[in-house]
Structures are given as structure tokens and as C-alpha cells.
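Contents: one structure, followed by commentary.
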Amino acid sequence: MKGCDVEPISAVIDIVRRNSESSTIPKTVHLYWENNNGDSDLPPEIVSTINAWSDTHPNYTIAIWDRQSVAEYMPAVLGVAVPPLLDAAHFSSMRSDIVRFLALYLFGGVWCDMKLAPTEPFLDQLTNTSTPFFLERGSKQAPWLPENRSGWIRVSFMGAPPGDFFVLDVLLQIIANIQNRVPGGILGISSSTLLQQVAGHAEYLGRPHNFTILDADIIGTKLVHAKDSNQPSQHWSARQRTESVWESDARPLEIQLAAAQAAIHTGPRNEPPINRRKISGLVGADPFASTVPNYPTDDFEFHYSILLGAYHSLDDRIAELTAALATAEKLIEAQQQERVRLIGEAEYNYSELKRFQAEAVHNYNELQRVLEEFRQFTSSGDSS
């Protein structure tokens, strides 16, 4: 990549795959960039961010993803094609959400948004474990939050071992949300609010996920914000108020109608309700861990999207079984027709065999008669 000290993903994908054989968080840093201007050259601030990772963590593999490399090296997950998931998202931030959970599930490692650049080496303190970590959303980033800031986590910086169940849980929900084009904002469809909802739901079901929350004030000294060229009005958080988060609505008609009916009955939902329940035992022994998080659990959108996902999956399964039944019926019909044909051929062959047998008996009798006449003829000749 021009101006970067890091090789393209095609040159390091084999290393990334070997790293993913680790039972702990691999020493791979995943970055994602979309150049919406069509220019092949990376902006200077992005080059600076990439080089910062390479300079501060020379013993880590830096994997720089874009839509083309994702389609090439992560074409499908759990039987679902990835490019259509990316194509469905209107904003690059949602596509970034898809890639971050996809990359961590398939390969493991550390994910960091391009807007954050490291100031010093610090990942070794986070990757020598099999416990996923996420970054706390500190008071400086969200001054309207409660003083203790607990229960609010971000997805801009996180890490996990390959195949982690929490990451899988979130990824499955993102896929369901995209396939069903659930209503709402990006945070609840594919980002931090969804992450918190999945964690709270797992706790509610009695199977809590284990993960670490990193103190935003401590990590804030190790990661700094790179320059953001977007004006506030151009940011996805502002644009999603007037633009759809979806490129198109490809859901089955009955799901679209159900979603529209639910929207009429519930009204607009900009933020999940702040009805939180204390979650215990989810903070690891990492020195950067902060307070135990709380999670919103009484969120209609989240449970509604789960039901829609389940309905959609069941609908697909019914369609598959119906198609399989139709195929089986055609096969049975074809076998029955073949059986009738074979029986007909057998009956015909049997009748032909009986006819040949009768002809053979007749011919044998005729031969016996001729032989008898011949013997009588020869005997009469000898006597004369």
C-alpha cells in the first residue's frame, strides 16, 4: 500500500490464518478502510494510523481489510454469503461492524477503528488471554451518561480469540438483523447497543458471556483519535435520521408488514429504554478492567428482532422442506412410473416367453411327427 509500512492483506493472509490457530487472542491487528472517493491512495491520516500500529507493535501482523479482500478471504460465514450482507448496508460504519465481528470470529485478534492510533506498545497486556475485551465508553466521549459510566461499551477497539462464543452470538444477531432489515439505528442493529443487548440476553438465559471491560481513561492514553475529515452533518449518526440504513428492503412481504405494524403500535424508538439490571462476574483479571457493566434487557426492538430472525429462519426451513418434499414426491412418482413400465415390460416378456414356449412345443411335436413319418417311410422301403 502506497506510503504504508504494512503489506496488503494478500501478502499476510497466510500468517493471519496461522495466527488463528492460537487458543488465546492472536497477535493480529485488524483494520478496515473504505475509500468512498474512488481514489486508490490512502489519505495521509489513515497512512499515519497504519504506520503507528506497525511502529509500536512490530511483532503483530497488521491485516488491512477492504470490501474486495473481505469478499475474497471471508466470502461466507456459517453458510451465509458475506458480500450480500455488506451490500445491504447503506453506511460504511455498518459494513465495518459486520467485518469486525466476522474477522474476530474467523481469525481472532484485535480490532481497532481507523480513527484510533496507538501511542505506545500495549497489546501484549491484552492478548495473553482467551477472554475477549471491549473498551468502556468513558465520560469524555459521552458526558450525558451516569457518573460511573458502567454498562456502556464501544466496539471501536476490542479483541477476542478465534471462534469466541460471545462474538458468534453477536455475529448471528447481526446477520439476522440484516436479513430481516430490522428497523432502528446502527447502534442497535450491528454495533455497541446490540453488543450490550446480546450480553444482557445471555445473562437472562443463564449462560452469561465472560469478557473484560477496559477502562476508557487508561486506554485513552494509549490510543488517540486521528483526524476525522467528516463534518458533523456528514457523520452516519446524523445521516441515519434522514436516510435509511438499508440499501434496499429485501425481506419477505409478511415480515415487512409485521415490522410496519409494530412500528405503528410502538411509535418511534430512537434509544433503548434505560431499564438496567446488574450483571455479575463478567469482568476478567486484566489490569485495565473497570467496573462491572449493566445491560439494558427490556428492549422491545431487540427481542422483536430475535423473533423476526427466528421466524425468517423457520420460514426458510419450511421452504426448504417443502421443496425437498416436492422433489421426493416427483421421485416417488417417477419410481412408480418406472415400476409400472418395468411390470409392463415383464408381463410382455412373460407373454412372449409363453408364446415362444408354445411355438417350441408345437415345433417339437411337428418334428416328432415328421420323424415318425420318415421312419415309416424308410421301413416300408426296406420291406419291399
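Of note:
- Rounded to the nearest Hz, the phi-derived 3J(HN,Hα) couplings of the stretch 186-203 under the Karplus curve 6.51 cos²θ - 1.76 cosθ + 1.60 (θ = phi - 60°) are 5, 4, x, 8, 9, 10, 5, 4, 4, 4, 5, 5, 5, 5, x, 5, 4, 5, where x marks glycine and proline.
- In terms of surrounding Cβ atoms within a 10 Å radius of their Cβ, C112, C4 rank from fewest to most as C4, C112.
- In sequence order, calculated HN-Hα J values of the stretch 157-164 (Karplus, 6.51, -1.76, 1.60; Hz; x Gly/Pro): 9, 7, x, 6, x, x, x, 5
- Taking Cβ atoms as reference points and 15 Å as the exclusive limit, the residues near L367 contribute a net charge of -2, counting Lys and Arg as +1 and Asp and Glu as -1.
- Table column - 3J(HN,Hα) (Hz), the stretch 213-226, Karplus curve with 6.51, -1.76, 1.60, x for Gly and Pro: 9, 8, 5, 5, 5, 6, 5, x, 7, 9, 10, 10, 6, 6
- When you count the other C-beta atoms within 10 angstrom of each residue and take the mean per peptide, 176-186, 205-215 line up highest first as 176-186, 205-215.
- All-pairs alpha carbon distance profile, the stretch 55-134, 5 Å steps from 0, percent: 3, 12, 23, 23, 17, 13, 7, 2
- Summed residue charge, Cβ within 15 Å of Q337's Cβ, Lys/Arg positive, Asp/Glu negative: -1
- Taking Cβ atoms as reference points and 13 Å as the exclusive limit, the residues near P118 contribute a net charge of -2, counting Lys and Arg as +1 and Asp and Glu as -1.
- FRET efficiency estimate (nearest 0.05) - Cβ-Cβ, A326 to T129, R0 56 angstrom: 0.65
- Sequence of L325, L126 once ranked by neighbouring C-beta atoms within 10 Å, starting from the fewest: L325, L126
- Distant-in-sequence amide H partners of I153 (H built 1.01 Å from N, under 5 Å): R137
Rule-based calculations on the coordinates, nothing more; no lab input. Here the structure is a predicted model, which means the values were calculated and not measured. Ideal geometry is used to build each Cβ from the backbone, glycine not excepted, and the neighbour counts take in all protein chains shown.
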